[in-house]
Amino acid sequence: MIKHIAIIGAGQMGSGIAQVCATAGYKVLLVDLSDDHLTKAQENITKSLDRLITKEVLPSQAKERTLANLSFSEKIENPHSLDLVLEAVNENLDLKIHLFKNLDDLLPPQAIFATNTSSLSISTLASNTARPQQVIGVHFMNPAPLMPLVEIIRGQETSDATYKEIEKMVQHIGKTPVLSHDFPGFIVNRILMPMINEAIFALQDGVATAQDIDIAMRLGTHHPMGPLELADFIGLDTCLSIMQVLHTGFKNDKYLPCPLLEKYVKSGWLGKKSGRGFYEYTKI
């Protein structure tokens with residue numbers, strides 16, 4: 001039974017996942033090498049809880065309980081007490097493999113390793129550990145406190161026991177799980193990212209402005225956010241990385257990243273987080 005969780009990576013995804021798990025009653029350790037990232041994560045979680053309480057999504061006492069379940073550290077403390085480690089570091093296969101190899105020797109043999117990867121192979125990550133049966137993908141949507149879906153991805157050797165334990169946890173935190181087999185992009189990004197990529201091709205080809213492409217998709221297909229605005233929110237570097245995984249994994253040029261997407265990423269135009277992507281953003 002999962003009681004104690006460590007989340008590795010205190011970025012937007014890691015801090016959001018930590019918040020959701022702590023709100024549901026799990027004891028959560030949020031780990032990041034950067035003290036600044038941890039401080040910012042703590043501030044963002046507090047603000048997020050305040051917003052949810054103001055909107056009456058959470059009861060007023062949820063803030064105190066959630067923060068009491070959270071701790072922050074630059075290293076994993078009391079590793080032998082952990083039942084689950086979920087990594088939410090950058091979408092880089094070598095980095096994730098290195099992290100899991102180091103965790104293998106540190107954590108108790110029964111601990112589950114989970115990855116929040118949005119597209120990388122679970123089986124490849126699992127093969128670099130001594131516990132492939134206990135490695136699984138747990139892909140939260142962004143922002144984790146608001147989005148109701150979690151993709152659970154089984155690797156080639158993921159055991160039924162591991163899957164059932166994670167499915168139970170996902171349901172306990174109030175999310176809806178869907179099961180995906182281990183293919184590039186899983187379910188959501190295999191469908192979503194080619195649509196975003198095609199919207200970028202439409203912009204590159206001069207079909208319409210970014211604003212009109214987004215208006216057309218919002219009003220014409222009832223999407224809550226246009227594809228180019230959504231790309232900026234996700235991060236253009238992340239979009240490019242996922243398209244590259246799809247292209248490499250399927251060896252099909254229908255997944256070839258749009259040159260304009262590559263150009264923006266090379267220019268440092270990464271979307272909202274950098275202040276500029278398909279739109280300009282004012283940093284507060």
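Please treat every number below as a calculation from the coordinates, not as lab data. Note that the structure is predicted; figures quoted are calculated from it, not measured. All Cβ positions, glycine included, derive from the backbone under ideal geometry; neighbour counts span all protein chains shown.
Footprinting exposure proxy ranking of Phe278, Phe201, fewest other C-beta atoms within 10 angstrom first, gives Phe201, Phe278.
For Ser48, the shell of other residues with beta-carbons less than 14 Å away shows a net charge of +3, using +1 for Lys and Arg and -1 for Asp and Glu. Peptide packing for 203-212, 70-79, 221-230 was compared via the average number of neighbouring C-beta atoms within 10 Å per residue; ordered from the highest value, the list is 221-230, 70-79, 203-212.
With respect to the chain, whose longest principal axis is taken over its alpha-carbon atoms, helix 12-23 is tilted by about 40°. Suppose each label sits 7 Å from its Cα in the direction of the beta carbon; what would the Ile76-Asn142 distance come out to in nanometres? Computed distance between label sites Ile76 and Asn142 equals 2.5 nm. Binning all Cα-Cα separations of the stretch 189-274 at 10 Å, short to long from zero, yields these whole-percent fractions: 19, 53, 27, 2.
Taking 20 Å as the straight-line reach from the Cα of Lys63, the lysines in range (excluding those fewer than 8 positions away in the same chain) are Lys3, Lys27, Lys40, Lys47, Lys55, Lys175. Computed from the alpha carbon positions, the gyration tensor of the stretch 1-125 leads to an equivalent ellipsoid with semi-axes of 25, 16, 13 Å, biggest first. Angle check, please: helix 188-204 long axis (alpha carbons) against the longest principal axis of the chain (alpha carbons), in degrees 0 to 90, nearest 10. Taking the Cα atoms of the chain, the angle to 188-204 is about 30 degrees.
Converting phi to 3J(HN,Hα) with the Karplus coefficients 6.51, -1.76 and 1.60 and the offset θ = phi - 60°, the stretch 264-269 yields 5, 5, 4, 7, x, 8 Hz in sequence order, with x at every glycine or proline. Between the residues Pro79, Thr117, Thr46, the greatest Cα displacement towards the positive end of the dipole of the chain, with unit charges on the Cβ of Lys, Arg, Asp and Glu, is found for Thr46. Sorting Glu56, Glu165 from the fewest to the most surrounding beta carbons within 10 angstrom yields Glu56, Glu165.
Please state the charge dipole magnitude for the chain, taken about the Cα centre, from unit charges on C-beta atoms (+1 on K and R, -1 on D and E), reported in debye and rounded to the nearest 20.
On the way: 26 positive and 31 negative charges, 74 e Å.
In total the dipole reaches around 360 debye.
The mean sequence distance of close C-alpha pairs (under 8 Å, at least 6 residues apart), as a share of the length of the chain, puts its relative contact order at 13 percent.
Compared with the rule-of-thumb size 2.2 N^0.38 Å for a compact globular protein, the chain has a Cα radius of gyration ratio of 1.01.
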